[in-house]
Amino acid sequence: MKTLADWLAHLEGLHPKGQAGIELGLDRVRRVKEALAQTQHCPVIIVGGTNGKGSTCAYLANIIDRAGYRVGCYTSPHLLAYNERVRLNGQPVDDAALCAAFARVEAARLASGVALTYFEFGTLAAWEVFAAAGVEAAILEVGLGGRLDAVNIYEPDVAIVTGIALDHTDWLGPDRESIGYEKAGIFRAGKPALCADPQPPQSLLDHAAAIGADLRLLGRDFGFERPTADAAENRLQWRWWCRSGERLVKRTLAHPGLRGPTQLLNASVALAALEALGDRLPVTMQAIRPGLIETELAGRFQVIPGKPAIVLDVGHNPQAIRVLADNISSMGFFDRTYAVVGMLADKDIAGALAPLKGRVDVWHLTTLGGPRGTSAAALAEIVRAGELGGSVVCHETPAAALQAAREAAGESDRILAFGSFYTVAGALAALNRKA
């Protein structure tokens, strides 16, 4: 009997690059899906986009859970344990359920004579878990792009594209138009297709029109209003709106549990998706209000209580770190800012760090291992070349970098740990916290 660790080692061995192995295309994974005889038994929401996918999935899952449904949510990557990727009603699935699902996928894969990547194998296994649990709604987060991502073998009842920015350009193309087309690949003819990007690429709009998707856009079909600041209580609320047929729905809500003004984008598109599914998966305000407020997600501008303040953020591209920079501006005054940074080599590191120019007093830079990792020394060169300011200290691991920052920081300082899921995972482990 294989343990979960045995299975994960097996998945790692399926591709020369292990977890990092990417082979875009749907033929292989579709053949194994057919061998498994997988059928869709519940509403499916597929969520793609460059930034904001994880937060949007978290809002959807929490609200649907609050509404009393059995909901499955598949996301990636994980921070500390693989089980985080496959959740039932907010809880990571247990090892036994994963192992059983992996065994079924492996049997079907061998019978089909098909090679799968780590992500493809995991995607099929997640559906096996959801089917065995009898979920009443399934939320699937795109891993990379959309059109050729393994998640796209499933048929969404609603498809969401959050924001579109430059990331994974080696795979998705060099500009927002190329990337927008790949993201729009999750849209379906006649089905609600939501986009929460304030300026969607023309390629996304054209593809939606070409296939006859029911395109719903931020600012036109749904959106949010920030309240005026003339009353103290108004600052704690926001207003969501959505066109639903001939009706204009408006709701005044408390701010969502995840921090930062961009979370209103993610919350807005999540609510619009639920509105679109209202006939099959009705949810009430009694589910929406606590569902939004009580959503938690590790590594999304996550502020760890205590002194010094510690902020964890998985942001790793220019758009995400611009948002991080905006968010820290609203945190109040801190004497000094220490940055714990580790990044992967296939990211636009110089562009990502630029928004923090002049905002960091000490850079604690860490090497990330593996074939995609960047050394602390290489990061130091980028910090210096970009004239970002502050002093530089290099470390071998994220945990060591965080520990050094904590030892140096005073009670009136703050520490930002960001740049990769690996960086945040190392920080969480050093803090003895769960994801």
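Where nothing but the Cβ of Lys and Arg (+1) and of Asp and Glu (-1) is charged, how large is the charge dipole of the chain around its Cα centre, in debye to the nearest 20?
600 debye
Which shape class, rounded, prolate or oblate, goes with segment 325-435 when its Cα gyration tensor gives a ≥ b ≥ c as root eigenvalues, a/c under 1.5 marks rounded, and past that a/b bigger than b/c marks prolate?
Oblate shape, in that a/c is at least 1.5 and b/c is the bigger or equal ratio.
Choose one answer from Arg216, Arg336, Arg87: the residue with the largest mean-square fluctuation in a GNM of the chain with alpha-carbon springs under 10 Å.
Of Arg216, Arg336, Arg87, the Gaussian network model singles out Arg336 as fluctuating most.
Could you tell me the calculated FRET efficiency between Arg70 and Arg226, based on Cβ-Cβ distance and R0 = 41 angstrom, to the nearest 0.05?
FRET efficiency, Arg70 to Arg226: 0.75.
Near Lys53, which lysines are there with a Cα under 26 Å away, not counting those fewer than 8 places off in the same chain?
The reachable lysines, counting only those whose Cα sits under 26 Å from Lys53, are Lys17, Lys33, Lys183, Lys191, Lys250, Lys347, Lys434.
Compute the label zone of Ala96 within segment 125-162: residues whose backbone N is under 19 Å from the point 7 Å along Cα-to-Cβ.
126, 128-135
For Cα extents along the principal axes in Å, the listed values are (i) 71, 59, 41; (ii) 58, 57, 38; (iii) 73, 55, 43; which was obtained by calculation from the structure presented?
Answer label, from the structure shown: (ii).
For segment 32-46, just list the computed ³J(HN,Hα) in residue order, Karplus coefficients 6.51, -1.76 and 1.60, θ = phi - 60°, integers in Hz, with x standing in for Gly and Pro.
Karplus values, whole Hz, x for Gly and Pro: 6, 4, 5, 5, 7, 6, 6, 10, 8, 10, 7, x, 10, 10, 9.
Share of antiparallel DSSP beta bridges in the chain, in percent to the nearest 5? Can you show the working numbers first?
On the way: 21 of 60 bridges.
So the antiparallel bridges amount to about 35 percent of the total.
Work out from phi, with θ = phi - 60° and the Karplus expression 6.51 cos²θ - 1.76 cosθ + 1.60, the ³J(HN,Hα) of each residue of segment 58-66, listed in order in whole Hz, and give x for Gly and Pro.
My calculation for segment 58-66 gives 5, 4, 4, 5, 5, 5, 4, 4, 4 Hz in order.
Taking H placed 1.01 Å from N in the peptide plane, check which residues at least 5 places from Ile310 or on another chain put their amide H under 5 Å from its amide H.
Amide H neighbours of Ile310, under 5 Å, 5+ apart: Ile304, Ile415.
Per residue, how large is the accessible surface of the chain? Use a 1.4 angstrom probe and give square angstrom.
I get 41 Å² per residue for this part.
Under the rule a/c < 1.5 gives rounded, and otherwise a/b versus b/c splits prolate from oblate, where does segment 128-224 land using the Cα gyration tensor?
It is oblate, given that a/c is not under 1.5 and a/b is not larger than b/c.
Determine the sum of side-chain charges near Ala196: Lys and Arg each +1, Asp and Glu each -1, restricted to other residues whose C-beta is under 14 angstrom from that of Ala196.
In short, +1.
With r defined as the distance between the Cβ atoms of Ala133 and Glu411 and R0 fixed at 60 Å, what FRET efficiency is calculated, to the nearest 0.05?
Calculated value: 0.85.
Determine the distance separating the Cα centre of segment 340-398 from the Cα centre of segment 51-117; give it in Å without decimals.
Between the Cα centres of segment 340-398 and segment 51-117 lies a distance of 32 Å.
When the helices in the chain are scored as -39500 (n - 2.57) per DSSP H run of 4 or longer and the sum is shared across all residues, what 222 nm value do you end up with, to the nearest 500 deg cm²/dmol?
That calculation yields -11000 deg cm²/dmol at 222 nm.
Do you know the relative contact order of the chain, to the nearest whole percent, from alpha carbon pairs under 8 angstrom that are 6+ apart?
15 percent
Calculated FRET efficiency, Ala107 and Arg280, Cβ-Cβ r, R0 25 Å, to nearest 0.05?
Values: r = 32 Å, r/R0 = 1.30.
That pair, Ala107 with Arg280, gives E of 0.15.
Under the classification rounded if a/c is under 1.5, otherwise prolate if a/b is larger than b/c and oblate if not, where does segment 58-191 fall, given a ≥ b ≥ c as square roots of the Cα gyration tensor eigenvalues?
Oblate, since a/c reaches 1.5 and b/c is not below a/b.
Taking the Cα centre of segment 248-372 as origin, work out the dipole magnitude from +1 charges on Lys and Arg Cβ and -1 charges on Asp and Glu Cβ, in debye rounded to 20.
Roughly 120 debye, rounded to the nearest 20.
The values are calculated or read from the model by the stated rules, or taken from the named source; none is laboratory data. Since this is a predicted model, take the numbers as computed values, not measurements. Heads up, the Cβs are rebuilt from the backbone with ideal geometry, glycines too, and the neighbour counts pull from every protein chain shown. Ligands, DNA and RNA are stripped out before the accessible areas are found, and what is left, the full protein with its side chains, is counted by its heavy atoms. Shrake-Rupley method; radii C 1.70, N 1.55, O 1.52, S 1.80 Å.
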